[in-house]
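Report on the structure given below.
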Amino acid sequence: MSTALQNRRPVITGWSAVSPHGIGAEALVDGLRAQRSTGAPLDTGRWRVPAGRAHLVPGFETREVLGKKGTRSMDRVTGLAVSAVGGLLRQPGSVRETETGDRAALVLATTTGSAASMMDFTRSSLEGARPYDVDPAVMPNAVMNCAAGQCAIWFGIKGPNTTLAGGRAAGLLSVNYATRLLASGRADTVLCGAAEEFSAARYWLERHSRGAEAPDVPLGEGAAVLLIQPAGSIGQERPALAEILAVRSRVAVGNQARGALEACVRAALDASDVRPEEVWAAVPGEAPGRLGQVERDVLTELCGSEATTRVPAVSRLGDVSSASASFQIAMLLATADARPESAGRIALVTSADRDGSLVCAVLRLVGA
């Protein structure tokens, strides 16, 4: 084990994704390598939205991907989450004895769960002859933690099961939560991820809440999941990919966001005993509009423009909202895997949500 892991900080030992590039980690890696565009015209008849473009998972139909058993009433965000978790657990080197069961936890980041399921269920109550004339089979989909619960049921993950709703910041907040679960001894392994679906409900919510600042940023969808374990428990089957040095957060809105984000980044670097000039890659969350530009400007000023361009921008997947940070880390690990010089180097990952949540994680990339 490298000296970088001797302080026993938690490490990321695996990842998988269901993205607009396709299903599985390899699909994302291949898409990034080929620099393929993922945006495509929307089927307005199916989605009931105006003509435009979006970044959808190609050909993703829950029942076709997961099979018919147990998926009749499963909504799209749950299907994406279950697919991503399953992809991670089916990878070569997966150790099901430790990655599932009583000592394995699941932390899933979200914005609201499935906005489509919530709205559809509410609508059926209002339109029916009686308020209780609803389909009970779809009621679980209207609960925010449905996707996390289904992941646990499908794969036998019996430890703590947590859903964190935090918009774009939720992915990094879930990483911090995962490290706390490990530090407190509540779990030996944490599957930590995020999922976001495309739907008419989400389209209209975003269109009416963004304002004039970024009205035309196309939406994306997908799910990404990380495997996080204590450094002392990893084996040859899944070697460490990155060490989690620190996660720090702040809250600020409007003109205060820039100063608060810079303070957040500096606090995370100080906690990691790292100087800004040591950062090899700085990966912003690319929030639509002015906030995303503020985030990129802060990272460029602190770490340099070269650091902010080493990893492909997560915005190439569209606005994946709460799944952004998980995809940022997945894209960072994919980039590092193709660049041997990244071994031992420092990476920053940041998120900035329009509700004022600002988060920064510091990772040390681990070489073979």
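Worth a mention:
- Relative packing of 16-23, 89-96, 348-355, which averages over residues the other C-beta atoms within 10 Å, highest first: 16-23, 348-355, 89-96
- Distance from segment 181-200 to segment 229-261 (C-alpha centre basis), Å: 13 Å
- For segment 150-299, the convex hull spanned by the alpha carbon atoms encloses 150 Å³ per residue.
- Applying both filters, DSSP loop and at most 16 other Cβ atoms within 10 Å, to the GluC sites (Glu not before Pro) of segment 196-244 gives 213, 237.
- Helix 115-127 and the longest principal axis of the C-alpha atoms of the chain enclose an angle of approximately 20°.
- Using only the C-alpha atoms, the convex hull of segment 83-142 corresponds to 112 Å³ per residue.
- For segment 100-105, the Karplus equation 6.51 cos²θ - 1.76 cosθ + 1.60, evaluated at θ = phi - 60°, returns couplings of 9, x, 5, 9, 9, 10 Hz by residue, with Gly and Pro reported as x.
- Distance between modelled label sites at residue 158 and residue 51, nm, 7 Å Cα→Cβ extension: 5.6 nm
- Geometric extent, Cα atoms of segment 164-233 - Rg, Dmax (angstrom): 16.2, 50
- Within the chain, helix-based [θ] at 222 nm, where runs of 4 or more DSSP H residues each add -39,500 (n - 2.57), nearest 500: -10500 deg cm²/dmol
- Label-point gap, in nm, between residue 237 and residue 200 - each point 7 angstrom along Cα→Cβ: 4.6 nm
- Taking amide H positions as modeled 1.01 Å from N, with prolines and chain starts lacking one, the residues under 5 Å from residue 320 and 5 or more places away or on another chain are 220.
- Residue 245 long-range amide H proximity, modeled H, under 5 Å: 362, 363, 364
- Rg and Dmax [Cα atoms of the chain; Å; Rg one decimal, Dmax integer]: 19.7, 67
- Per residue, the chain exposes 43 Å² of accessible surface when a 1.4 Å probe is rolled over the protein heavy atoms with every protein chain present.
- Here the Karplus relation 6.51 cos²θ - 1.76 cosθ + 1.60, evaluated at θ = phi - 60°, turns the backbone of segment 61-69 into coupling constants of 10, 3, 6, 6, 7, 9, x, 7, 6 Hz, with x for every Gly and Pro.
- Placed amide H near residue 53: partners under 5 Å, 5+ positions off or other chain: 42
- Its residue count N sets the reference 2.2 N^0.38 Å, and the alpha-carbon radius of gyration of segment 76-116 equals 1.37 times that reference.
- Kirkwood-based Rg to Rh ratio, segment 47-128, C-alpha trace: 1.04
The values are calculated or read from the model by the stated rules, or taken from the named source; none is laboratory data. None of these values were measured; they are calculated from a predicted model. Cβ: placed from backbone, ideal geometry, glycine included. Neighbour counts: every protein chain shown. The accessibility values were calculated without ligands, DNA or RNA, using every heavy atom of the protein model including side chains. Shrake-Rupley method; radii C 1.70, N 1.55, O 1.52, S 1.80 Å.
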